[in-house]
Structure formats: C-alpha cells, structure tokens
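Novice: A single structure is presented below for examination.
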Amino acid sequence: MIRSFLSAVLMAGATVVQAQMVEKVTDPVEWVNPLMGTDSKPSLSNGNTYPAVGVPWGMNLWSPQTGKMGDGWMYSYSADKIRGFKQTHQPSPWMNDYGQFSIMPVTGKLKFNEESRASWFSHKAEVSKPYYYSVFLADADVTTELTPTERAAQFRFTFPKSDSSFIVIDAFDKGSYVKVIPAERKIVGYSTKFSRGPLPDFKNYFVIYLDKPFTVAYTTNGDKLQAATELTADHAGAVIGLKTEKGEKVHLKVATSFISLDQAELNLKKEVGSDAFDVTMRKAKTAWNDKLNRIVVEGGSVDQTRTFYSCLYRTLFFPNKMYELDAAGQPIHYSAQNGKVLPGFKFAGTGFWDTFRALYPFLNLVYPSINKEMQQGLINDYKEGGWLPEWSSPGYADIMIGNNSASVVADAYIKGLRGYDINKLYEALIHGANNEGPMTAVGRKGVQYYNDLGYVPYDVGINENAARTLEYAYDDFAIYQLGKALNRPKAETDLYAKRSLNYRNLFDPATGLMRGKNKDGRFQSPFNPLKWGDAFTEGNSWHYSWSVFHDVEGLINLMGGRRKFADKLDSVFTLPPTFDDSYYGGVIHEIREMQIADMGQYAHGNQPIQHMIYLYNYAGQPWKTQQRVREAMNKLYKPTPDGYCGDEDNGQTSAWYVFSAMGFYPVTPAVNQYVLGAPLFKKVNLKLENGKTFTISAPENSSANKYVENISLKGQPYGKNWIGHDAILQGGQMLFKMRNVPALNRGTQPSDSPYSLSLNR
C-alpha cells in the first residue's frame, strides 16, 4: 500500500515536470541530448545515432566506441563496455566509417587488443554534451574526458596511483602506420581503413602529444606486442606507459589531416596551440551556442525544448568539412575523387536522397554561408571526378537512387546564395541528368529509357524503377527552375519542364496510386501497393505515390479532385500497418518502424513520405496538416535514447522536426515557398544571417490548442497556406491565433494553395 502511494506521488511529480513550460532558453547547448537515438540496432532503428562530440560541420567527430572495430554501430546505448574513444567521420551505421582510429587508457596488466582493454561503464557516470564527453572506466579506474575543435581535440585522463598506467593508440586494420617518439612525448601515424570506395591514396594522418614522459613505448601488430617504436602493418597500434599518482590528470592533444603529417601538426597548432583543456572546451561550447542561438524557442515543455535543440544539433554535422587550411589560411583538400591535394573547399558525408528534402533547405534559410562553401565543394567534386555525388562518403558511394544533386544545387541558388560558379554547377546538372555514371548512384540509371519513354520500365532489370522515375521527374523540375533563373534558352528549360511531368506516366487510375510500368506501356502485374521495395525504394506505393513535390495540383487532378485526394491522404493513416516483404525476403528495419508506430501506413522513419502530411494544404484542408504534424512531433520524437522513429539520416529527420516545430516545411525545394503547419512553441525567434529576426508567435498554443484559427503576417491578415522565403528574410512577425478545434473555413480556397507547376504560379 505504501509502495503504491509513493508510486502515485512520483508519477504525479513526473507529470508536473513534463508539463512545466520553458519560458527562456539562454544556453541552448545545455538542452541538447547527444544520446538521443543511440538505443538502436540493425533490426530496429531509434535513430542509429552516436553521441557525436565535435563542433558544427567539423572535419572530425569523436565518440565512445562500444562496438567492435569495423562495426557501424560504434556506440549502442544498451552496451556496457567501452573499447576506446574513436575519431570518426561516420554519417550512419549503414555507410560505416572512414578516417578512424581510437585512444584508450588502461591500468594494471598491459591490455591493448580491443577485447581485453574494454572497460565496464555506466550511464550514471557518463556526461554527454556536444562539446564535451566524460565517462568513468571502471576496470581501469580512469575518468576520460574529451573536447573537440574542427580538426583536433584534447583528452584529459584522471588516473589512479599506478606504476602501470598505459594509453593505447589503435590505428585499426586494412593498413596502418604508427611511430612513437618518446623524446618528444609524441605518437604519429595514419589509418587507411574505409568502408565505401574506391578512395585513391587515402590516409588519415594523426599526431598526438602528451604532457608527461613515457616510461615504456611499444608498437602493436594485431594481437602481438612489438619492441620497435615504428611499424607499418595491416593493423598497427602503439602503447605508451606512464607512472601516475592518484588523481593525476594526463593531457593529450591530437589533430589529424587527410593531407599529411605536417598538415596535421599545422592543424593542431592553429586550433589548439597552447590552450588548456578547459579553454578548448569553452571555445567549443561557444561555437555551439553561436549556431544553436539562431533559433530561440519559448513556451514549450521541457521535453519539447530538449527535443528541439537535440534535433537542431543533429542538423549541424553533415556534410562535414573535408577541407583544411594551409599555412597561409587558404582552404585545401584531399580529393576523394582523384587522390590529389588541391585548393578549395570540400565536404562529405551526406546522401542527397535523404537530405535534399529538408536539411539543405534548412541550411539555405538559417545557415546560408556554410552552404555557400558546400556548393563550392560540389564544384570541386565535379571538376575532380566528372560527376556530382549523390552519396559522398567521402567519394562517390554506390548506394541509393535519384539524381537529387539537382535539388541541392537549384534550391541554394533560388534561395539567394551567390558568389560561386553556378554555371559550372548547372553544367554538372545537365551532364548528370543525361548520362549514366560509372556506378549506379551517380548520373541516372536507366536514363535512356527515361528520356525516350518518359519512365524507367519495370521489366528491364533496373530495380526501384518507379521510385527512380518519380525522383527524376522532380529533379528535372529543379533543373527547369534553375535554368529559368539563369536565363537559359527556352527550348532547354521547356525540355526539363516537360520531363518533370513524367510522373503522370506511372499513375494508375484503377488504384489511384503510382505503379511500375513495363517497357511495352502496360502496368506491372500483379500489383500489391503494400509491397516494399521492388519498384520502390525502402517503401511501397502508398509511400511513394506522393512524391510529386513540384506538382501536387497535377497529382490532385489525377486522383479525381481535392476531396478524393484528401480522402486518399486519410487512408494512409487509417489503413492497417500490413506489408509485403517478399522483395527483401524478410522484414527490414524500416518496415518494422512503420509497423510499431501505430499510424497506419505512415512511415515517418523513412524519408519518402515525410512531406506527405503537409499535402492537405493543397486540398483545402489545412487543419488536418496541423493535427497530423502535432501528432507526429509528439509521438515520434523524444529527447531519449530511443527518441527517433527510424534512421536520423544526416540531419534530415531532425530538420523535419525543427521546421515543423517552427510551423512550416519546404515541401518543394527549388521553390521560394514553405507550406504551413502550426508552430509547436508559443514563440520562436529565427535570427537570420542578414541581421533580421523573424518571429513566429502563437501565444495561445498548448497541447489542446493545436489548430490555427487565423494568421497575421507583419500585422496584416494572412490567409494563404504557405509563406514565402523572401517574406521570412525581411524579418517581422507571423502571429498564429490557435484554438482547440479545427477552423474549417481558413485556407480552403484553391487560391490559398502553395505552388504547383500545373497552376503556373
């Protein structure tokens, strides 16, 4: 009885904390939980993230490593041992890593292979922040702390009293080199291990300095200890010994380079120099707050605020900088395309199939200056390799579909980015749109069929053909938009405008859905719209039938008008979460994530359907968008280790949340509009790079008041279901009056709808 009473009291207390409103955020980095999404595994993704310690878009990230060497799941929340502290460039476990090595303290008996050196740890003795990580390693009786810069880091190990304290450097397998220089308290080396290639002449060079003399120094060759202090091997490593007193703090300064050991030394000098650990930590924290403070939210719950800033943190890593600064401060880079060291910017670690949808539009709105550098990096990708990457990891990774570099390039220019060779990028888009690449994932697979027939056929041996067709059609629209902006010849832009309507070729009037089509013009048969894969990519027809980002009005007409279209949207949520997994021969994790979300066929954990909730705005039923967006934010995102509903995917799934929490979303990149939902917070201040502030206010907002009664923009009544990019850049206020029942008369007219190509407006 007493236990039951206490439980009730504790539950009531938790409810109060949950409902507490956050009125002011002054230190946003402290609201971030880097452990959000780390409770994942191959069969079920709750984010597939790791606790990344870095700075925004930094060349290097660091993470505690619980998984085995080469395991994409480098850190799992459910694990209980840490094997090392790993420098990483991993965008996702499915892509795995490159440019990696690890550092690990041990005590007592010399233990250097990853199994024997692994130490038990507890989350109770773990501190995870974007700019700092700390954990107590129980077996070694050592507390490890680390803090980052863009290309370097500092470690601080607190040792026990021991004559046998050690630090292990693991340069990993597949070809590595180490050299220990005791007179300089220094270890240098490189790793060549990568997961996606080819990467010509690839090396990740590292330099490490300690602030304490070595008592012993060894190298390791796999599981064998070597007396030599220099070694090149398949799996090289190093061990240095120290004599430590109880509570003694040993400091390491480490930097890396993709160019040379000398460049790694320069990176260390520039970014760390003589700074103490705490100075580097303060600088890293300041770097995060500078970027996170661009969006200040007020009037949300504690969990909503934590979720918001944890998602915002995830949008600021990839693509990460691959370039370095030479002695004169000019950008130079290792080219993953040709293996040379060349001048200019370079970025890597993102898949456009995921990130064209919201991540890049988010950068164009909030952080355009970094995307200007990214666009310059794309120019170098094209010049050095002949193609724009569709998945850069860090070179041309042969994975996923589409030619979505067109969207990434076009959206940046149309949203106002300037100061780079856009004509060279347009040339790259035309080249990619009309040629098959040397691998599936650059250019367009099946391009000749697509250009001749208006679709990629189902029966010619090209997998995921319907998905390719739909994405190519949108990509053609992006090229059309950019071509118009660049005043290209009308005959040229008309060609891409015409091709952008190719989505019509796959619409099946009998089912009202998109369906694969054979070369002879007949639809594939049999057809099961619940079948994952096959004609589609990581989804089924119910997910991909909405992939007409640029011409929703055209899709509405195909589906029989606005009412039938809205009913079809409703069906996504009312259908049971059944599936046909026969194409894969088993349940892939994306299927399972849809199944357990209890939202019917809505599969928010994967990208193809993430924009679909916003399409009610085109059908004159914006209140359904408002209701479903709030449901998805509340149900599918939490600031916890299981806080995502699928792969986070390089900032895309997080960008969906950040946009949606502000109250709008870029359904159609390469168009100067955002489609409205409803804000999650009572107030959002968006601080723009041009010095203006755009404020989204919803003072009556609450868990019940999730519907928009009316809107005013800069003091004037506003009835549209979209807002223009330029209107946001001008600053001012957008005021939402919220209520607890739908406003069935607002935003219902065709003239209120967002952009569609068929409307020519």
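The values are calculated or read from the model by the stated rules, or taken from the named source; none is laboratory data. Every value quoted in this text rests on a predicted model; they were computed, and no experiment measured them. Because the Cβ atoms are built from the backbone with ideal geometry, glycine has one as well, and the counts that use them run over all protein chains shown. These area figures cover heavy atoms from the full protein model, side chains too; ligands, DNA and RNA do not enter into them. Shrake-Rupley method; radii C 1.70, N 1.55, O 1.52, S 1.80 Å.
Novice: Taking the Cα centre of the chain as origin, work out the dipole magnitude from +1 charges on Lys and Arg Cβ and -1 charges on Asp and Glu Cβ, in debye rounded to 20.
Specialist: So the magnitude is around 1460 debye.
Novice: Size of the dipole of the range 194-278 about the Cα centre, Lys and Arg at +1 and Asp and Glu at -1 on the beta carbon, nothing else charged, in debye to 20?
Specialist: 120 debye
Novice: Per residue of the chain, what 222 nm ellipticity follows from adding -39500 (n - 2.57) for every DSSP H run with n ≥ 4, rounded to the nearest 500?
Specialist: So the helix-based figure for the chain works out to -8500 deg cm²/dmol.
Novice: Please give the charge dipole size of the range 137-240, origin at the Cα centre, charges +1 on K and R Cβ atoms and -1 on D and E Cβ atoms. Round to the nearest 20 debye.
Specialist: Magnitude of the dipole: close to 240 debye.
Novice: Now for a separate question. Around ILE240, with a cut-off of 11 angstrom between Cβ atoms, what is the net charge of the other residues, counting Lys and Arg +1 and Asp and Glu -1?
Specialist: +3
Novice: Using a ≥ b ≥ c from the Cα gyration tensor of the range 125-245 (square roots of the eigenvalues), is it rounded, prolate or oblate, where a/c under 1.5 gives rounded and otherwise the larger of a/b and b/c decides, a/b for prolate?
Specialist: oblate
Novice: Check VAL142: other-chain or 5+ apart residues with amide H under 5 Å from its amide H, H built from backbone geometry?
Specialist: So VAL142 has HN proximity to LEU137.
Novice: Can you bin the range 604-761 into rounded, prolate or oblate? Criterion: square roots of the alpha carbon gyration tensor eigenvalues sorted a ≥ b ≥ c, rounded for a/c under 1.5, prolate for a/b above b/c, oblate for the rest.
Specialist: rounded
Novice: Another question about this same structure. Tell me the label only: which of [x] -0.52, -0.84, -1.25; [y] -0.26, -0.66, -1.20; [z] -0.31, -0.77, -1.22 is log10 I(q)/I(0) by the Debye sum over Cα atoms at q = 0.05, 0.08, 0.11 Å⁻¹ as calculated from this structure?
Specialist: [y]
Novice: Cα to Cα, under 30 Å, and not fewer than 8 places away if on the same chain: which lysines meet these conditions relative to LYS568?
Specialist: Leaving aside lysines fewer than 8 places away in the same chain, those within reach of LYS568 are LYS498, LYS517, LYS519, LYS531, LYS624, LYS635, LYS638, LYS706, LYS720, LYS737.
Novice: Also, quick follow-up: Mind ordering 129-138, 727-736 by average Cβ neighbours within 10 Å, highest first?
Specialist: Ranked from most to least packed, the peptides come out as 129-138, 727-736.
Novice: Remind me, relative contact order of the range 678-761 in percent, using alpha carbon pairs under 8 angstrom and six or more residues apart?
Specialist: 32 percent
Novice: Here is a follow-up. Using a 1.4 angstrom probe, figure out how much accessible area the chain has per residue, in square angstrom, rounded to the nearest whole.
Specialist: With all protein chains present, the chain gives 34 Å² per residue.
Novice: Sort the range 324-450 into rounded, prolate or oblate with this rule: let a ≥ b ≥ c be the square roots of the eigenvalues of the Cα gyration tensor; rounded if a/c is under 1.5, and if a/c is not under 1.5, prolate when a/b is larger than b/c, oblate otherwise.
Specialist: Because a/c hits 1.5 or more and a/b fails to exceed b/c, the range 324-450 counts as oblate.
Novice: Moving on to the next point. Roughly what % antiparallel, to the nearest 5, for the DSSP beta bridges in the chain?
Specialist: Among the beta bridges of the chain, antiparallel pairing accounts for roughly 95 percent.
Novice: Near GLN524, within a Cβ-to-Cβ distance under 9 Å, what is the net charge of the other residues, with Lys and Arg +1 and Asp and Glu -1?
Specialist: In short, +1.
Novice: What aspartates and glutamates does LYS179 reach when the alpha-carbon gap must be under 13 Å and sequence neighbours fewer than 8 apart in one chain are set aside?
Specialist: ASP170, GLU230
Novice: Given contacts defined as C-alpha pairs under 8 Å and at least six residues apart, what's the relative contact order of the chain, whole-number percent?
Specialist: 12 percent
Novice: Hey, another quick one. Can you find, among PRO91, ALA153, PRO105, the residue sitting farthest towards the positive end of the charge dipole of the range 30-156, where Lys and Arg contribute +1 and Asp and Glu -1 at Cβ?
Specialist: PRO105
Novice: Could you tally up the Lys pairs in the range 23-133 with alpha carbons closer than 30 Å? Skip any pair fewer than 8 positions apart unless they're on separate chains.
Specialist: Final tally of qualifying lysine pairs is 25.
Novice: If we sort 505-511, 473-479, 114-120 on the protection proxy, mean other Cβ atoms within 10 Å, highest first, what's the order?
Specialist: 473-479, 114-120, 505-511
Novice: Measure nothing but the geometry: give the 0 to 90° angle between the long axis through the Cα atoms of 490-499 and the longest principal axis through the Cα atoms of the chain, rounded to 10°.
Specialist: 90 degrees
Novice: Right, here's the next one. Measure out, as a whole number of angstrom, how far apart the alpha-carbon centroids of the range 235-277 and the range 611-682 sit.
Specialist: 43 Å
Novice: Sorted by accessible area with a 1.4 angstrom probe, largest first, how do ILE208, ILE596 fall?
Specialist: Ranking ILE208, ILE596 by accessible area, largest first, yields ILE596, ILE208.
Novice: So if I take the centroid of the Cα atoms in the range 336-396 and the same for the range 566-601, what is the distance between those two points in Å?
Specialist: 33 Å
Novice: Applying the Karplus parametrisation 6.51 cos²θ - 1.76 cosθ + 1.60 with θ = phi - 60° to the phi angles of the range 702-708, what ³J(HN,Hα) value in whole Hz is obtained for each residue in order, glycine and proline being reported as x?
Specialist: 6, 4, 7, 7, 10, 9, 8
Novice: To continue, here is another question. Could you order peptides 194-207, 387-400 by the average number of other Cβ atoms within 10 Å of their residues, highest first?
Specialist: Ranking, from highest mean packing down: 387-400, 194-207.
Novice: Right, something else. Give the distance, in whole Å, between the Cα centre of the range 36-56 and the Cα centre of the range 686-706.
Specialist: 29 Å
Novice: Right, something else. Compare the Cα positions of SER119, LEU680, ASN710 along the charge dipole of the chain (+1 at Cβ of Lys, Arg; -1 at Cβ of Asp, Glu; about the Cα centre) and return the one farthest towards the positive end.
Specialist: Checked the options; the winner is ASN710.
Novice: Amide H of GLY84 versus every other amide H placed in the peptide plane: which residues, excluding those fewer than 5 positions away on the same chain, fall under 5 Å?
Specialist: Excluding prolines and chain starts, which carry no amide H, the hits are GLN65.
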